[in-house]
Amino acid sequence: MKAVVYDGPRTVSVKEVPDARIERPTDALVRITTTNICGSDLHMYDGRTDLQPGMVLGHENMGEVIEVGDGVDLVKVGDMVCLPFNVSCGACANCNQGLTAYCLVANPAPGMAGAAYGYADMGPYAGGQAELLRVPWADFNCLVLPPDARDMSRQKDYVMLSDIFPTGWHATELACVRPGDSVAVYGAGPVGLLAAYSAIIKGANKVMVVDRHPDRLRLAEQIGAIPIDDSKGSPVEQILEQTGGMGADRGCEAVGHQAHDPSGQEKSALTLNNLVHSVRFGGTIGVVGVFIPKDPGSPDPLQKQGKAPFDYGMFWFKGQSMGTGQCNVKNYNRQLMNLIANHKADPSFLVSHELKLDQAPEGYRNFDVRADGWTKVVLHPDGGR
């Protein structure tokens, strides 16, 4: 089968690799019809992880089930399914508590919890930027989609259930967003935009989105958020001005450890500290941007060790609370699917490019450099049939 393979820093290629296949009775084999390039893929693409060359990438996947193992009871051949990026067993202590991002079984590495498709340190599972994908524990991990998921125009919405729509929603859950709240979102990449979109769906009275890329800020404004351009002045001051000097009720971080200031200097704790100063006394913050235990490629000696100079004194003084971590996709994907199916949510508004699998290297290059207009890249391994 054809697949997108990591060759080394800033180099991916489309190669012939061994076909994915059923390996255990509880597996399903999915013909991938739509898969995305995720912002977190870029951490690996940039060489900021210890991913080994040869890994098939891709953790935002959907497609058609073409084969199931003898132990699969619920998922059927012919079903259109979306796969959470979390690979989880569904039966361990963490999965039983809904903590599927921290499955105790799926990742065989000592001392690790949680697994994902095609991702560094997240288990041995090949990714879905490929023609075929093996799905372990298929009855648990496959979200069977409504009949309209066969329509390619609808797949742009449903594929977002694999990661970024639930992750954006998770940011608002961690931040405890409620109707009537004001919300500050740092980062207008796909996850930040969908965090803002989720806050709007939840009834926030004002949502402010901080970024400096005009195309992304335009999308924020398009969905009803207030764009905050941090290249034109302090985002903290702009948010305080929007909130009568009090700060936002809630804050969402959707940038992560590779945050840059407007001059291009990398500052790993920039968005965390800006949120402390942007959110009111007693407010809450949700962090879904990627922070990792070690980052040898960082220019910051602290970040090399996975540490950050956090403004904890002000955080404590303001009595704020913070929730962090990867999204447990299964907690949200069914209810968000229902919003999409009933046209209450259309997360595909952020899709800028649909490419064939062979065009993936072009998609990675342009998405990585934040080329104007490249806000979300969708790949169709089957050519968009």
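Quick note: the coordinates plus some simple rules give every number you see, no bench work behind them. Worth saying up front: this structure is predicted, and the values here are computed from it rather than measured. Cβ sites come from the backbone with ideal geometry, for glycine too, and all protein chains shown count toward neighbours.
Per the Debye formula with a single identical scatterer at each Cα and no solvent contribution, what log10 I(q)/I(0) holds for the chain at q = 0.06, 0.14 Å⁻¹?
After summing over all Cα pairs, the log10 values are -0.21, -1.21.
Between beta-carbons, use under 15 Å as the cut-off and find the net charge around Gly114, counting Lys and Arg +1, Asp and Glu -1.
Once all neighbours under 15 Å are counted, the net charge is -1.
Restricting the count to DSSP beta bridges whose residues both fall in the chain, what percent are antiparallel, rounded to a multiple of 5? If you can, show how the numbers build up before the last one.
Working: 30 of 56 bridges.
Approximately 55 percent, going by the DSSP bridge assignments.
Once every DSSP H run of n ≥ 4 in the chain is given -39500 (n - 2.57) and the sum is divided by its residues, what mean residue ellipticity at 222 nm do you get, rounded to the nearest 500 deg cm²/dmol?
-6500 deg cm²/dmol
Pairing the Cα long axis of helix 164-174 with the longest principal axis of the chain, what angle in degrees results, from 0 to 90 and rounded to the nearest 10?
Between the helix axis and the principal axis of the chain, the angle is about 40 degrees.
Determine the percent antiparallel among the DSSP beta bridges restricted to the range 167-324, to the nearest 5.
Here the antiparallel bridges make up roughly 5 percent for the range 167-324.
Quick one: Cα centre-to-centre distance for the range 271-293 and the range 310-348, in angstrom?
Cα centres, the range 271-293 to the range 310-348: 13 Å.
So how far, in whole Å, is the C-alpha centre of the range 136-195 from the one of the range 1-33?
24
Looking at the range 167-324, how many pairs of lysines come closer than 24 Å at the Cα, when each pair is eight or more places apart or spans two chains?
10
For the chain, find the longest principal axis of its Cα atoms and tell me its angle to the long axis of helix 190-201, 0 to 90°, nearest 10.
70
Using the count of nearby Cβ atoms within 10 Å as a rough guide to exposure, how do Ser278, Ser352, Ser13 rank from fewest to most?
Ordered from fewest to most neighbouring Cβ atoms within 10 Å, Ser278, Ser352, Ser13 come out as Ser13, Ser352, Ser278.
Out of Cys176, Phe315, Ala259, whose Cα points farthest toward the positive end of the dipole of the range 167-324 (charges: +1 Lys, Arg; -1 Asp, Glu; placed on Cβ)?
Checking the options against the dipole of the range 167-324, the answer is Cys176.
Take each of the peptides 257-264, 88-95, average the number of other beta-carbon atoms within 10 Å over its residues, and list them starting from the highest.
Ranking, from highest mean packing down: 88-95, 257-264.
Could you put Tyr312, Tyr117, Tyr45 in order, starting from the residue whose Cβ has the fewest other Cβ atoms within 10 Å?
Working: Tyr312 11, Tyr117 31, Tyr45 22.
Ascending number of Cβ neighbours within 10 Å: Tyr312, Tyr45, Tyr117.
Can you sort Phe310, Phe281, Phe165 from fewest to most other Cβ atoms within 10 Å of each residue's own Cβ?
Going from sparsest to densest Cβ surroundings: Phe281, Phe310, Phe165.
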